[in-house]
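Following: one structure in structure tokens, then a few remarks.
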Amino acid sequence: MVNPAIARNVVGIIGNVISFGLFFSPAPTFYGIVKKKSVEEFKPDPYIATVLNCAFWVFYGMPFVHPNSILVLSINSVGLVFEFFYLTIYYMYANNKGRKKVLIFLLIELIFFAAVALVTMLALHGTKKRSLVVGILSDIFNVMMYVSPLTVMAKVIKTKSVKYMPFWLSVANFLNGLCWTTYALIHPFDLFVLISNGIGAISGLVQLMLYACYCSCKSEKDDDSDLNLKPSGVQLSNLNGTVAV
């Protein structure tokens with residue numbers, strides 16, 4: 001019989017690899033920013049949100065908050081580094097308004113995160129209570145980030161075209177959510193990783209179902225709209241495979 005600990009680690013490592021790919025996926029967009037030396041209409045909002053999301057999952061994965069979560073800690077630490085790198089590039093080439101926005105929101109996130117961390121460490125004793133509070137907050141922020149793909153899916157239904165929803169990104173989103181859901185179900189059971197990634201897996205599955213329904217359909221306005229469309233970038237991030245296009 002397979003040792004649950006080994007099985008959990010194997011699934012977690014696979015999840016780390018997939019999540020790493022999702023974190024790395026915006027790199028071409030930022031390469032374009034560096035090459036053009038301009039952020040144009042690109043918005044930093046998804047990356048600012050992902051910083052806080054990753055920070056909470058890193059905190060959640062700490063041994064003094066939720067033991068046996070080293071793989072959750074590792075991939076979100078990597079994600080945090082990626083997000084700061086992307087935001088640094090944005091800051092370098094943004095105008096003053098864009099720079100102020102990044103700094104203000106990061107400062108707000110820092111203050112909020114520090115307050116939660118202090119309350120958790122000083123007022124809550126034991127990993128059970130700490131896991132409950134930090135896990136709930138992590139899930140709330142993660143579920144909020146799933147709103148973005150819903151807008152893309154609505155656009156697919158409205159236009160009957162999947163050009164706004166890249167197929168392989170949907171596949172990666174589904175596999176990532178499925179992998180981490182499996183990880184959460186293997187002993188020791190992790191409810192908070194299960195909740196957010198279960199939603200991620202369902203979101204990815206719905207995207208693939210929409211793709212199957214509309215992949216052969218062509219919107220009559222596709223060609224015309226392409227002439228006026230400027231991409232604002234793609235964000236794929238975190239442990240839970242959040243996709244925001």
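Find the eigenvalues of the gyration tensor of the Cα atoms of the chain, then list the square roots of 5 times those eigenvalues as equivalent ellipsoid semi-axes, largest first, in whole angstrom.
On the way: eigenvalues 197, 117, 42 Å².
Those come to 31, 24, 14 Å.
Run lengths n ≥ 4 of DSSP H only: what is the helix-derived mean residue ellipticity at 222 nm for the chain, with -39500 (n - 2.57) per run over all residues, to the nearest 500? Before the final figure, lay out the partial values.
On the way: 10 runs with 181 residues, N = 245.
Estimated from H runs of four or more residues: -25000 deg cm²/dmol.
If packing is taken as the mean number of other Cβ atoms within 10 Å per residue, what is the order of 21-30, 56-65, highest first? Write down the numbers at each step before the final one.
Details: 21-30: 18.0, 56-65: 21.2.
In decreasing order of mean packing, 21-30, 56-65 become 56-65, 21-30.
Which residues' amide hydrogens lie under 5 Å from the amide hydrogen of residue 94, considering only partners 5 or more residues apart or on another chain, with H built in the peptide plane?
none
How large are Rg and Dmax for region 1-132 when calculated on the C-alpha trace, in angstrom?
17.6, 60
Given the C-alpha atoms of region 148-187, compute the convex hull and give its volume per residue in Å³. Please report the intermediate quantities before stating the final value.
Values: hull volume 2.6 nm³, N = 40.
Roughly 64 Å³ of hull volume per residue.
Answer with one residue from 71, 123, 28: the one whose Cα lies farthest towards the positive end of the charge dipole of the chain, charges on Cβ with Lys, Arg +1 and Asp, Glu -1.
It is 123.
Return the Cα extents of region 111-159 along principal axes one, two and three, sorted largest first, each rounded to a whole Å.
Taking the Cα atoms of region 111-159, the three principal extents are 52, 24, 7 Å.
Calculate the dipole size of region 98-160 relative to its Cα centre from +1 charges on Lys and Arg beta carbons and -1 charges on Asp and Glu beta carbons; express the result in debye to the nearest 20. Walk me through the numbers before you get to the answer.
On the way: 9 positive and 2 negative charges, 60 e Å.
Approximately 280 debye in magnitude.
Heavy atoms only, 1.4 Å probe, whole protein assembly: order 109, 40 by accessible area, highest first.
Working: 109 25, 40 120 Å².
Result of the area sort, largest leading: 40, 109.
Measuring from the lowest to the highest alpha carbon on each principal axis, how far does region 105-213 reach, largest first, in angstroms?
Computed over the Cα atoms, the extents are 53, 38, 17 Å.
Once phi is turned into θ = phi - 60°, what whole-Hz ³J(HN,Hα) does the Karplus curve with 6.51, -1.76 and 1.60 give for every residue of region 56-72, x standing for Gly and Pro?
In residue order, the calculated couplings are 5, 6, 5, 4, 4, x, 5, x, 7, 10, 9, x, 6, 10, 4, 6, 5 Hz.
The values are calculated or read from the model by the stated rules, or taken from the named source; none is laboratory data. Note that the structure is a prediction, hence the values are computed from the model and not measured. As a convention, Cβ positions derive from the backbone with ideal geometry for all residues, glycine included, and neighbour counts pool all protein chains shown. Please note that ligands, DNA and RNA were not included when accessible areas were found on the heavy atoms of the full protein model with its side chains. Shrake-Rupley method; radii C 1.70, N 1.55, O 1.52, S 1.80 Å.
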